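The block underneath contains the structure these notes are about, expressed in structure tokens.
Read-outs: derived from the displayed coordinates by stated rules, not from any lab. Model, not experiment: these values are computed from the prediction. Here Cβ is always computed from backbone atoms with ideal geometry, including for glycine, and neighbour counts include all displayed protein chains.
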Amino acid sequence: MRIQSLYKGSISFDALLSTIPIMMMLFFLLNISSTISQDAAETMHRQHVFDKLVSVADYTVKAGAVKRAGGMRYPNWLETGLITPAYVEGLRLRTGLSRLYISTLEPDEDYPSCVYRLVVTGDDKRISRLFVCGG
Amino acid sequence: MQTFEALVSFLFFVFLSSYLLGLTEEQRHVDDSLYRIQLAEDAWRVLYLRGSFEDFGPNKRAQLEEELDTIEEETALCVFIDGVFMTSCRGGSQEHQLTASLRKTVLYDGEPRNVTFSIGS
């Protein structure tokens, strides 16, 4: 009986020490899981913005601002005069983006996401790019 | 024995952590597969609008090559037309990575010919 009581304290101390790595592992795993969920949310947001920009660009080059003649639409033949601030603002409101840029000129400001589409402009059908940026 | 157990636990922990961190790296990628196909369609459509495939044949290859060069200048994308052996990224033994491919039919020297129209870098 006396010997058992001598070891009792050591066992408790040993158990106490073993909780330290367990706690460290738990803390690390919780950190990783938090990072994973944050990354997933961020990636999902970036994907949403990217998809919206791709849709806006596709709509613009296929219907929104294309050349029309004789009741026909000419996809990828851009009528740059149709890309007015009102047109851009209308699309921005419909997509729910906080900022939207649509132009054949490269944007001066920085945008979180940008896509471009290949188009022709003018009567000489000059090859140029349509930039659609936003966030 | 205890050292061995500790080592096994540590290795398992490192493996699990690497796997979880690798998972997050994979998730960061934005899927742009549809956009790449749209870009390839754009390149095709632009060439079509500029009349590059009208009376297309050996005599018009130079004109199409010029158009392909213009597209490359504008976008830094290589355009490959497999079937008529044309590309904007000529010469050298560089390896190119295709990002999107489309199957199209063109009239080459009056004969319908299936071509694979691709963009890459």
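Structure notes:
- Placing +1 on each Lys and Arg Cβ and -1 on each Asp and Glu Cβ, with no other charges, gives the protein assembly as shown a dipole about its Cα centre of roughly 780 debye.
- Calculated [222 nm] ellipticity per residue, helices only, for chain A: -18500 deg cm²/dmol; basis is -39500 (n - 2.57) per DSSP H run with n ≥ 4, divided by all residues, nearest 500.
- A P(r) calculated from all alpha carbon pairs of chain B, with 10 Å bins opening at zero, reads 12, 33, 19, 10, 10, 9, 5, 2, 0 percent.
- 12 Å beta-carbon shell around residue B:42, net charge (K/R +1, D/E -1): +2
- The stretch A:87-135 versus the stretch B:1-65: alpha-carbon centroid distance in Å: 24
- Net charge, residue A:73 excluded, C-beta distance under 10 Å - Lys, Arg +1, Asp, Glu -1: +3
- Cα centre as origin, Lys/Arg/Asp/Glu Cβ charges: the stretch B:34-96 dipole, Debye: 140
- Signed unit charges on C-beta, dipole axis of the stretch B:4-121, positive-most listed residue B:76, B:58, B:119: B:58
- Across peptide A:113-121, the mean count of Cβ atoms from other chains lying within 10 Å of each residue's own Cβ comes to 5.
- Cα convex hull of chain A, projected area averaged across orientations, nm²: 13.4
- Structure-based [θ]222 nm, chain B - -39500 (n - 2.57) summed over DSSP H runs of at least 4, per residue, nearest 500: -16500 deg cm²/dmol
- Across chain B, the longest run free of exposed loop sites, meaning GluC sites (Glu not before Pro) lying outside DSSP classes H, G, I, E and B with no more than 13 other Cβ atoms within 10 Å, spans B:1-53.
- Peptide-level mean, for B:31-38, of C-beta atoms on other protein chains within 10 Å: 4
- The H on the amide N of residue B:102, modeled in the peptide plane, is under 5 Å from the matching H of B:117, B:118, each at least 5 residues off or on a different chain.
- Loop trypsin sites (Lys or Arg not before Pro), the stretch B:37-121, which have at most 15 other Cβ atoms in a 10 Å radius of their Cβ (DSSP): B:90
- 0 to 90° range, to nearest 10: angle between helix A:85-95 axis and chain A longest Cα axis: 40
- Distance distribution P(r), the protein assembly as shown, all Cα-Cα pairs, bin width 5 angstrom from 0: 1, 5, 10, 12, 12, 11, 9, 7, 6, 5, 4, 4, 3, 3, 2, 2, 1, 1, 1, 1, 0, 0 percent.
- For the stretch A:8-135, the Cβ-based charge dipole about the Cα centre amounts to some 500 debye (Lys, Arg positive; Asp, Glu negative; other atoms uncharged).
- Listed residues B:86, B:16, B:43: farthest to the positive end of the dipole of chain B (Cβ charges): B:16
- Average Cα contact separation per residue, chain A, under 8 Å, 6 or more apart, as relative contact order %: 21
- Partner chain coverage, peptide A:101-107 - average Cβ within 10 angstrom: 0
- Nearest-ten-degree value, helix A:2-59 long axis tilted from longest Cα axis of chain A: 0
- Compared with the dominant principal axis of the Cα atoms in chain B, helix B:33-49 is inclined by about 10°.
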